[in-house]
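K.L.:
Mind having a look at this structure? Questions to follow.
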Amino acid sequence: MLAAALFGLAGAAPLPPGTELVRGGLTGTYVVPPGIHKIRHVVIVMQENRSFDSYFGTFPGADGIPMKAGHPTVCVPDPATGGCDRPFHDRADINGGAPHGHVNAVADIDGGKMDGFVRSQRLAPRCHDPVDPACVVATSREPDVMGYHDQREVPNYWAYARDFVLDDHMFEPVSSWSEPDHLYMVSGWSARCTGLSPSSCANNIIGPYGVLKFNAAVSRELSTGQTQFELAWTDITWLLDRHHVSWAYYVQTGYQPDCANDSAVTCPPVPQSYQTAGIWNPLPLFEDVHQDRQLGRIQPLASYFKAAKAGTLPAVSWVVPSRADSEHPPSSVHQGQAYVTAVVNAAMESPDWPSTAIFLSWDDWGGFYDHVPPPYVDRNGYGLRVPSIVISPYARHGYVDHQVLSSDAYLKFVEDDFLGGARLDPATDGRPDPRPDVREDEPVLGNLVNDFNFGQPPRPPVLLPTNPPTDSPSIPAYFKGRPPCIGCTAVPPGP
């Protein structure tokens, strides 16, 4: 077996099959097993605004809600009642959540006490959508940020966790909201730039634009087709293009899942498509994507289903939803699960399935309770814990991974698999920017290769119905009276 010591050189060629990669960095030296190259298609599916405890707080074997004799032992102070609120099983399909900007993350974490969630929801600004549960929280109502779902409401997510791998210490990459999280997902950083040179960028965990400026940019693009702002620092597609590794970023047409105001509860809908740059579609704003002439790799969701069916999935894919399918409050949990199931089923039915890894996660906690304080990483993060599942023919069966992870681990996996260990490192990537550190090499960050057994025979698909039974008293009319859809790729219509 050939051992190669590669330290992120931008010009390094992809490793040939069977090569063992010895990776050095802040974590010391680790060996990437040659079996990682059995994965030739990585699909990153990013949903919205759920904490780990809100979906998997009672999952067997996971670091879930502290319990004694089946009853929560934690109780979060409630300023409206003078008492406290315990986690409770929530059957509602529509949730409210709470503000989830950086200031709200700081308040919820409260120095590690993890007791600010109810206060944040109670103090949320009043809003104008009467059907949004976040707008009607009263002193007499149990705040739904303390609610949790289980296999009765999200049976497919629990099935994936039982059949494949559940990561129970996945943290959002930065203690902030959706925009920085999505920037980290593709670039390992969030900054604000004053020009088109990478050196003009400065660290900013809130995001590159203020609310008014961002909305004006989106409005300009919708009316003129011209992108007004560009992000000058380096994203992972720069390295993918240099190594001739295929990629695509699939965007569902509809409306943006969240508000440009990171602490808002609701806001007027903003249109979203693959042709509009935005919070969930940031790559059109990156200068290096324009330099590489790679805008054509940002595509509508329909192209993902076509590529999966044809067996032509790119090496790296990102799949992002519109509002209706995002699970971002007040969107339906059931409908979001149906959308994800359709995306996963399409990959499983694809000729590419035997060489695919699906990384399913949620971008931030959405204001929902979680009991685990984020670890200290650097001045930017991590943020609160979010659900994360690894689905692959080579994924371990029924494994709960306790490693500390963030979406930086997805970049790390892609780089080790396809880029010979190259990193988004200003010292080596050929396009230096002033990012404070190389996130993929942070000592605290675990390695997703531990979630795989590359020695096992590839496992068959686990196709699930997009309309499974639920105990939720109300689900979207689209699903009522429909039989389970085994292995279908019909996505519920967006708004």
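The values are calculated or read from the model by the stated rules, or taken from the named source; none is laboratory data. Just so it is clear, the model here is predicted, and its values are computed rather than measured. Note that each Cβ is placed from the backbone with ideal geometry, even for glycine, and that neighbours are counted across all protein chains shown. For accessibility, only protein heavy atoms count, side chains too; no ligands or nucleic acids. Shrake-Rupley method; radii C 1.70, N 1.55, O 1.52, S 1.80 Å.
K.L.:
Taking the conditions exactly as written (among the basic types (Lys, Arg) and over 20 Å from the mean Cα position of the chain (by Cα)), does Arg439 satisfy them or not?
P.N.:
no
K.L.:
Another question, if that's okay. Among the residues of segment 23-40, is there at least one that is open to solvent by less than 40 Å² (accessible area, probe 1.4 Å), modelled with pLDDT of 95 or more and part of a strand (DSSP E or B)?
P.N.:
The answer is no, given that none of the residues of segment 23-40 is open to solvent by less than 40 Å² (accessible area, probe 1.4 Å), modelled with pLDDT of 95 or more and part of a strand (DSSP E or B).
K.L.:
A further question on this structure: Go through segment 360-376 and give me each residue that's open to solvent by less than 20 Å² (accessible area, probe 1.4 Å) and more than 22 Å from Arg323 (Cβ to Cβ).
P.N.:
Residues satisfying the conditions are Tyr369, Asp370, Val372.
K.L.:
Before we move on, is Arg435 over 14 Å from Tyr184 (Cα atoms), surrounded by 16 or more Cβ atoms within 10 Å (Cβ to Cβ) and of a type outside the set (Asp, Glu)?
P.N.:
In short, no.
K.L.:
Using the structure shown, decide if Cys127 is at pLDDT below 95 and either among the aromatic types (Phe, Trp, Tyr) or surrounded by fewer than 17 Cβ atoms within 10 Å (Cβ to Cβ) (or both).
P.N.:
yes
K.L.:
Just wondering, is there one or more residues in segment 53-60 that are surrounded by fewer than 20 Cβ atoms within 10 Å (Cβ to Cβ), at pLDDT 60 or above and farther than 20 Å from Leu240 by Cβ?
P.N.:
Yes, segment 53-60 contains a residue that is surrounded by fewer than 20 Cβ atoms within 10 Å (Cβ to Cβ), at pLDDT 60 or above and farther than 20 Å from Leu240 by Cβ.
K.L.:
What are the pairs, 6+ residues apart or on separate chains, where a residue within segment 418-437 that is within 27 Å of Pro34 (Cβ to Cβ) has its Cβ under 9 Å from a residue that is outside any loop (DSSP other than H, G, I, E, B) and of a type in the set (Phe, Trp, Tyr)?
P.N.:
Leu424/Trp238; Asp429/Trp238; Gly430/Trp238
K.L.:
Right, here's the next one. For the list (1) under 28 Å from Val103 (Cα atoms); (2) open to solvent by 20 Å² or more (accessible area, probe 1.4 Å); (3) at pLDDT 80 or above, I need the number of the one condition that Cys267 fails.
P.N.:
It is condition (3) that Cys267 fails.
K.L.:
Another question, if that's okay. Given the criterion among the charged types (D, E, K, R), at pLDDT 80 or above and either touching a helix residue (DSSP H, G or I) at 6+ places or on another chain (Cβ under 8 Å) or open to solvent by less than 20 Å² (accessible area, probe 1.4 Å) (or both), identify the matching residue among Asp258, Asp235.
P.N.:
Asp235
K.L.:
Among the residues of segment 403-432, how many are open to solvent by 20 Å² or more (accessible area, probe 1.4 Å) and more than 18 Å from the chain's Cα centre (by Cα)?
P.N.:
7
K.L.:
Also: May I ask you to list the residues in segment 310-334 that are modelled with pLDDT of 95 or more, part of a helix (DSSP H, G or I) and either touching a helix residue (DSSP H, G or I) at 6+ places or on another chain (Cβ under 7 Å) or open to solvent by less than 10 Å² (accessible area, probe 1.4 Å) (or both)?
P.N.:
Val333, His334
K.L.:
Name the single residue that is nearest to Tyr148 (Cα to Cα) among those in segment 451-475 being buried (at least 18 other Cβ atoms within 10 Å of the Cβ) and touching a strand residue (DSSP E or B) at 6+ places or on another chain (Cβ under 7 Å).
P.N.:
The extreme case among them is Pro465.
K.L.:
What residue, among those in segment 41-95 that are in contact with a Cys (Cβ under 8 Å, 6 or more places away or on another chain) and not in a loop (DSSP other than H, G, I, E, B), is farthest from Asp416 (Cα to Cα)?
P.N.:
Cys84
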